[in-house]
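Taking it in order: structure first as structure tokens, then the write-up.
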Amino acid sequence: MVNKKIIFASILLMLLVVVFAGCTATSNTAAPVKNTSTADTLIQPGDNSGNTITASSDGMPPGGAPPGGVLPGGNIGLSNYTLSGVFTIDGETESESGGKYSSDTTDVSAIYVTNAGSLILDNPTISTTGNTSSSDASSFYGLNGAILANNGSTVSVTGGSISTTGSGANGVIPTGAGTSVTLSDLIITASGDGGHGVMATLGGSLILTDVDISTTGSHGAPVATDRGSGTVNVTRGTIHSSGADSPGIYSTGVITVTDATITSEGTEAAVIEGFNSIHLNNTTLSGGVEKTGGIMVYQSFSGDAETGTGVVTMNGGSYIATAGPMFFVTNTDANITLTGVDVTSRSDTLIKAAGTSRWGTEGKNGGIVSLTADGETLNGSLVTDDISSIVVTLKNGSALTGAINSAALILDPTSRWSVTGDSNLTSLTDPDGISAGSITNIIGNGYTVTYDTGLSENSKLGGKVYSLANGGTLTPQ
């Protein structure tokens with residue numbers, strides 16, 4: 001009798017173990033999309049390790065929302081939403097010409113290419129009118145995009161047009177490493193709030209040639225990357241934005257533009273968030289807003305961008321900052337290089353580096369800027385607060401006209417600084433311009449420039465007073 005009881009108990013225990021294991025087994029299927037307006041614990045898309053992230057109750061990232069281009073980043077994974085398209089390619093290869101593709105349904109793309117699918121379109125007409133039910137899911141994973149590609153798929157579109165009118169409706173969005181979209185000779189328009197022209201996320205890539213893009217909604221940069229980075233290469237074409245908080249370019253990845261025209265109305269021309277970059281070659285760029293200027297580099301801590309130095313390179317072309325400082329840097333580091341660019345600022349500030357109340361920890365959220373000017377003529381002042389710093393290097397015949405408060409200045413023998421107001425240098429490196437008690441390549445115009453004798457970088461100045469060309473002095477602080 002005892003043996004029977006032991007056997008029965010053993011069988012019961014084994015059954016309980018099997019049932020428990022079945023309940024706790026993980027799935028190999030990536031989680032679907034979920035909107036989170038309340039604090040939910042979510043599994044990241046495609047992550048079967050059980051790693052979780054938690055959304056804040058108000059949906060806002062710590063440290064403040066992005067200034068433009070993308071809506072505030074929340075911590076959202078894929079659940080409860082299904083990515084879909086009226087025309088879907090799932091792991092297949094298709095080629096079509098002259099087709100018409102449309103969707104008027106919430107969260108449904110006109111075209112969806114997934115699971116290493118391949119689609120080639122010639123002169124299509126693509127349109128969507130449906131809204132998104134999750135702006136984050138649209139920006140991160142492509143929900144509601146007119147053309148959505150993911151999971152290692154490829155799309156090529158030549159000619160034709162893409163038009164979206166709904167909220168969160170991006171024109172084209174490849175998402176995920178190994179996913180790429182190539183566009184040429186077509187027109188893209190997006191008019192809904194949060195509707196970008198083209199956007200790459202989570203390692204997706206875009207190649208554009210002779211593409212004209214226009215957006216009119218708020219938070220809808222024509223060319224953008226978002227969560228998890230992305231790569232965008234643009235050659236020729238026009239890029240235009242007129243919606244609030246919609247800069248021409250918004251980078252949380254690597255965006256390169258060559259021989260194109262970029263215009264934004266009433267907002268920044270370009271924005272970089274975090275450890276990312278924008279590279280402009282022979283491109284015409286214009287835009288600006290009073291507080292954050294023409295080009296802004298910042299860190300929001302929304303989770304959309306890795307923390308690190310933002311990089312801006314401009315070679316040839318032109319740049320007009322229509323309002324505010326030409327460059328504004330806050331809560332991060334920025335490395336800016338200008339080579340032969342025709343630059344114009346409609347304010348009197350070239351660079352502003354400062355903390356704000358929107359991003360970062362007060363007292364630790366300044367901007368750290370390094371600007372190198374190669375063959376440039378620059379006008380405007382350099383302005384910092386107590387927690388920020390600027391280093392400007394002028395070389396190969398570069399000229400700066402403006403006041404400095406405060407910054408480090410490096411001059412080569414061919415370059416000069418023309419002073420327009422009393423200024424302060426944290427340090428001066430000018431080995432060829434200093435001769436005895438005078439400095440030949442700083443035109444003082446009667447103003448006083450002070451320098452910090454406590455810094456080792458200024459030890460060669462010896463705590464002396466130097467006369468400047470055309471009047472004025474360099475004086476120890």
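FYI, it's all coordinate maths here, none of it is from the lab. Everything numeric here is computed off the predicted structure, so don't read it as measured data. Cβ: placed from backbone, ideal geometry, glycine included. Neighbour counts: every protein chain shown.
What length, rounded to one decimal in nm, is gained on full extension from residue 96 through to residue 435, with 0.36 nm per residue of separation minus their alpha-carbon distance?
Working it through step by step, the gained length comes to 114.8 nm.
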Let me know the Rg and Dmax you get for the range 87-267 when you use only its Cα atoms, in Å.
-> 14.0, 44
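Computed FRET efficiency, Cβ-Cβ of residue 184 and residue 344, R0 35 Å: what is it to the nearest 0.05? Intermediate values should be presented prior to the final figure.
On the way: r = 31 Å, r/R0 = 0.90.
Given R0 = 35 Å and the Cβ-Cβ separation, E is 0.65.
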Of 87, 110, 252, which is farthest on the positive side of the dipole of the range 87-267, counting Cα position, with +1 on Lys and Arg Cβ, -1 on Asp and Glu Cβ, and the Cα centre as origin?
-> 252
Given 25 °C and 0.890 mPa s, how large is the Stokes-Einstein diffusion coefficient of the range 411-477 in µm²/s, with Rh as the Kirkwood radius over Cα pairs?
-> 212
Computed magnitude of the charge dipole of the range 325-477 (debye, nearest 20; Cβ of K, R +1, Cβ of D, E -1) = 100
Based on the alpha-carbon gyration tensor of the range 172-320 and its eigenvalue square roots a ≥ b ≥ c, which shape applies: rounded if a/c is under 1.5, prolate if not and a/b is larger than b/c, or oblate?
-> rounded
Distance in nm between residue 467 and residue 290 label points, each 7 Å along Cα→Cβ, equals 4.4
Working note, the range 332-435: Cα radius of gyration (Å, one decimal) and Dmax (Å, whole number) are 13.8, 46
Spatially proximal aspartates and glutamates relative to residue 464 (Cα-Cα < 13 Å; intrachain offsets below 8 disregarded) = 452
Simple SL model, points at 7 angstrom along Cα→Cβ for residue 364 and residue 115; separation in nm is 4.7
